[in-house]
Amino acid sequence: MSRAPHLVPRAQRMGHARLLDHMSYDGLEDPESGELMGFFAEQCADRFRFTRQQQDAYAAESVRRSLAAIAEGRSAGRSSPSRSGQFESGFAGMAGHSSRNGPTASIS
C-alpha cells in the first residue's frame, strides 16, 4: 500500500493539478462521506454499541474460518499472489501463505 501512486483526476497540459493519494482515495476513505474508514467504523461501533472485544472476536473468527477454508481447499482459485520487488521471493503475499497461522486476538 505504501507504494501506491498519486493520481491526477483530470489530465491537463498546463497549470496546477490536484493530486490524489491513491491509497487514501481508493482504499481508506468512505466513498459516500470522504471520511476515513476508521472513523466510519468507530461511528458504526458507537451507533450499534459493538464493544472492542466483540469486534476482535468477530475478526478472529473470520480469520479462523478463512484459514479453515484454505486448509480444506474451499478457497482454491479465489486468491492469487501479488508480485512485489520488496521480497526475495518476489511475492508480497498470498492467502494462506503468511508467517502467522491464526488470528492475533484471542477468542475467549
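Bear in mind that the values in this text are calculations on the coordinates, not laboratory data. It should be emphasised that the depicted structure is a prediction, and the values quoted were computed from it without experimental measurement. Note that we place each Cβ from the backbone using ideal geometry, even for glycine, and neighbour counts take in every protein chain shown.
Remarks
- For Leu36 and Arg10, a Förster radius of 22 Å and the Cβ-Cβ distance give a FRET efficiency of 0.35, rounded to the nearest 0.05.
- As a rough footprinting exposure proxy, the listed residues His6, His16 were ranked by other beta carbons within 10 Å of their own, and the order from fewest upward is His16, His6.
- If the chain linking Ala76 and Asp26 were pulled fully straight, counting 0.36 nm for each residue of separation and taking away their Cα-Cα distance, it would gain 15.3 nm.
- Ranked by the mean number of other Cβ atoms within 10 Å of their residues, highest first, the peptides 35-48, 56-69 fall in the order 56-69, 35-48.
- If you sort the three axes of the alpha carbon gyration tensor as a ≥ b ≥ c, you get a/c of 1.5 or more for segment 1-50 and a/b above b/c, which makes it prolate.
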